[in-house]
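Participant: I'd like to ask you about the structure that follows.
No lab work stands behind these numbers, since they all come straight from the coordinates. Only a predicted model underlies this, so the values are computations on that prediction, with no experimental measurement involved. Reconstructed Cβ throughout: ideal geometry from the backbone, glycine too, with neighbour counts over all protein chains shown.
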């Protein structure tokens with residue numbers, strides 16, 4: 001995980017519509033930047049749908065939600081459409097942002113060691129500074145936890 005108090009690395013990634021998006025375009029807003037393993041899986045779907053349900057409350061607090069995984073733009077589009085997700089999903093197929101935010105780690109899955117995204121969430125302030133960093137978050141609880149972090 002990156003250290004609280006440091007500048008969040010800027011990036012350019014395509015969203016679920018293929019449009020290039022960058023962190024810097026959200027200056028002046030709080031950003032909930034969450035990394036998740038895979039579209040359409042049970043935990044990731046719970047997390048995304050919960051962020052979706054709470055999204056109006058994030059907007060009221062001048063915050064945006066950005067979800068990042070290594071899935072393709074097409075996969076993100078299907079995920080967004082199937083569950084009516086109102087926020088931006090970013091595709092990092094090369095894992096450059098995933099690695100820049102230090103969430104690509106060794107994982108132990110039923111005794112099998114693999115590399116993958118550790119479900120993690122960063123809260124970035126209006127100036128682009130990381131103010132909170134949470135690793136190994138619980139998918140179902142993370143969205144409400146992040147809403148309470150906004151105060």
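Participant: Among 95, 78, 107, which one shows the biggest mean-square fluctuation in a GNM of the chain, springs joining Cα atoms closer than 10 Å?
Facilitator: 107
Participant: Moving on to the next point. Can you classify the range 74-151 as rounded, prolate or oblate using the Cα gyration tensor, where a ≥ b ≥ c are the square roots of its eigenvalues, rounded means a/c under 1.5, and otherwise it's prolate if a/b beats b/c and oblate if not? Walk me through the numbers before you get to the answer.
Facilitator: On the way: a/c = 1.45, a/b = 1.15, b/c = 1.26.
Verdict is rounded for the range 74-151.
Participant: Shifting gears a bit: Would you mind ranking 3, 41, 88, 121 so that the residue whose beta carbon has the fewest other beta carbons within 10 Å leads the list?
Facilitator: Numbers: 3 8, 41 13, 88 19, 121 24.
The order, fewest Cβ neighbours first, is 3, 41, 88, 121.
Participant: For the range 79-96 and the range 1-62, write down the distance between their C-alpha centroids in whole Å.
Facilitator: 9 Å
Participant: In the Gaussian network model of the chain, springs joining C-alpha atoms below 10 Å, which of 47, 16, 99 carries the largest mean-square fluctuation?
Facilitator: Sorting by GNM fluctuation, first place goes to 99.
Participant: I need the calculated FRET efficiency for the pair residue 108 and residue 62, taking r as the beta carbon distance and R₀ as 25 Å, to the nearest 0.05. Display every interim value, and only then the final one.
Facilitator: On the way: r = 39 Å, r/R0 = 1.55.
For R0 = 25 Å, the calculated efficiency reads 0.05.
Participant: Turning to a different aspect of this structure: Sort the chain into rounded, prolate or oblate with this rule: let a ≥ b ≥ c be the square roots of the eigenvalues of the Cα gyration tensor; rounded if a/c is under 1.5, and if a/c is not under 1.5, prolate when a/b is larger than b/c, oblate otherwise. Could you put the intermediate results ahead of the total?
Facilitator: Details: a/c = 1.28, a/b = 1.15, b/c = 1.11.
Cα axes put the chain in the rounded bin.
Participant: Another one. Looking only at 105, 46, 29, which one moves most when the chain is put into a Gaussian network model with springs between Cα atoms under 10 Å?
Facilitator: Among 105, 46, 29, the largest GNM mean-square fluctuation belongs to 105.
Participant: For the chain, what relative contact order do you get, as a whole percent, if you take Cα pairs closer than 8 Å and at least 6 residues apart? Don't skip to the end; give the middle numbers.
Facilitator: Values: 297 pairs, mean separation 50.8, N = 151.
Answer for the chain is 34 percent.
Participant: I want to check the label-to-label distance for residue 24 and residue 53. Put each point 7 Å from Cα in the C-beta direction and report it in nm to one decimal.
Facilitator: Distance between the two pseudo-spin positions: 3.8 nm.
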